[in-house]
1. If I model a spin label as a point 7 Å beyond the Cα along the Cα-Cβ vector, how far apart are those points for residue 181 and residue 67 in nm?
2. Please work out how much length the chain gains when fully extended from residue 77 to residue 150, using 0.36 nm per residue of separation minus the C-alpha to C-alpha distance, in nm with one decimal.
3. What do you get for the angle between helix 119-130 and the principal long axis of the chain? Use alpha-carbon atoms, 0 to 90 degrees, nearest ten.
4. Roughly what would the spin-label model give for residue 48 and residue 99, points 7 Å off Cα along C-beta, in nm?
5. List the longest stretch of the chain that has no exposed loop site; here a site is one of the trypsin sites (Lys or Arg not before Pro) assigned by DSSP to anything other than H, G, I, E or B, with at most 11 other Cβ within 10 Å.
6. To the nearest 10 degrees, how steep is helix 190-199 against the longest Cα principal axis of the chain, on a 0 to 90 scale?
7. Under a straight-distance cross-link criterion of Cα-Cα below 20 Å, which aspartates and glutamates are reachable from residue 157, leaving out those fewer than 8 residues away in the same chain?
8. Nearest 0.05, what FRET efficiency do residue 33 and residue 164 give at R0 = 35 Å with Cβ-Cβ as r?
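The values are calculated or read from the model by the stated rules, or taken from the named source; none is laboratory data. The structure presented is a predicted model; accordingly, all values stated were derived computationally and were not measured. Every residue, glycine as well, gets a Cβ built from its backbone with ideal geometry; the counts of neighbours run over all protein chains shown. With ligands, DNA and RNA removed, areas are computed over all heavy atoms of the protein, side chains included. Shrake-Rupley method; radii C 1.70, N 1.55, O 1.52, S 1.80 Å.
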Amino acid sequence: MGNSKSGALSKEILEELQLNTKFSEEELCSWYQSFLKDCPSGRITQQQFQSIYAKFFPDTDPKAYAQHVFRSFDSNLDGTLDFKEYVIALHMTSAGKTNQKLEWAFSLYDVDGNGTISKNEVLEIVMAIFKMITPADVKLLPEDENTPEKRAEKIWKYFGKNDDDKLTEKEFIEGTLANKEILRLIQFEPQKVKEKIKNA
């Protein structure tokens with residue numbers, strides 16, 4: 001099929017992505033052409049990634065969250081995402097299996113990459129999430145989670161950890177699977193807040 005210079009997706013990468021995601025050959029090839037149009041080098045920088053994120057959240061500041069998402073998918077730590085890393089990111093955040101999503105969420109919250117999560121790391125990600133929630137949506141949040149500090153505290157308490165404890169990936173995944181409240185609290189879903197209130 002050729003290489004990235006010719007504008008065609010290599011057969012190996014195409015087969016690997018089809019095997020590991022739910023996306024069709026047609027979708028992948030179409031996205032690849034769009035990706036090359038936006039990123040002629042075949043790589044997306046953190047700044048470009050933040051610009052894409054900003055389009056989805058025009059009324060808020062998604063920069064900090066986008067930086068963390070980018071970091072969590074830059075698997076070879078070269079400061080860019082190639083098409084394969086980009087598609088894996090799309091898949092993991094939209095259609096991945098629950099365990100895969102939780103593994104990704106763990107890497108998102110493990111800010112320093114040391115294999116554990118501290119309460120401060122939880123607060124850092126929650127603060128980034130809050131920058132993407134409009135003031136009107138923040139007002140809809142329950143009293144005990146309407147600030148980053150309160151939400152981080154609530155998450156940490158659900159895991160049964162002391163302030164200076166660390167959380168392993170296994171504890172994070174098991175705790176989140178066992179408690180739907182944790183899953184809700186670690187995600188950014190203001191739309192769900194609106195739907196919940198409409199249906200109440």
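1. With each label point 7 Å from Cα toward Cβ, the separation is 3.2 nm.
2. On the way: separation 73, 0.36 × 73 = 26.28 nm, distance 3.22 nm.
This chain segment gains 23.1 nm when fully extended.
3. 70 degrees
4. Between residue 48 and residue 99, the label points sit 3.4 nm apart.
5. Numbers: sites that count: 22, 97.
Longest stretch, sites excluded: 98-200.
6. Helix 190-199 sits roughly 60 degrees off the main axis of the chain.
7. 110, 121, 124, 143, 144, 145, 149, 165, 169, 171, 174, 181
8. With a Förster radius of 35 Å, E is 0.10.
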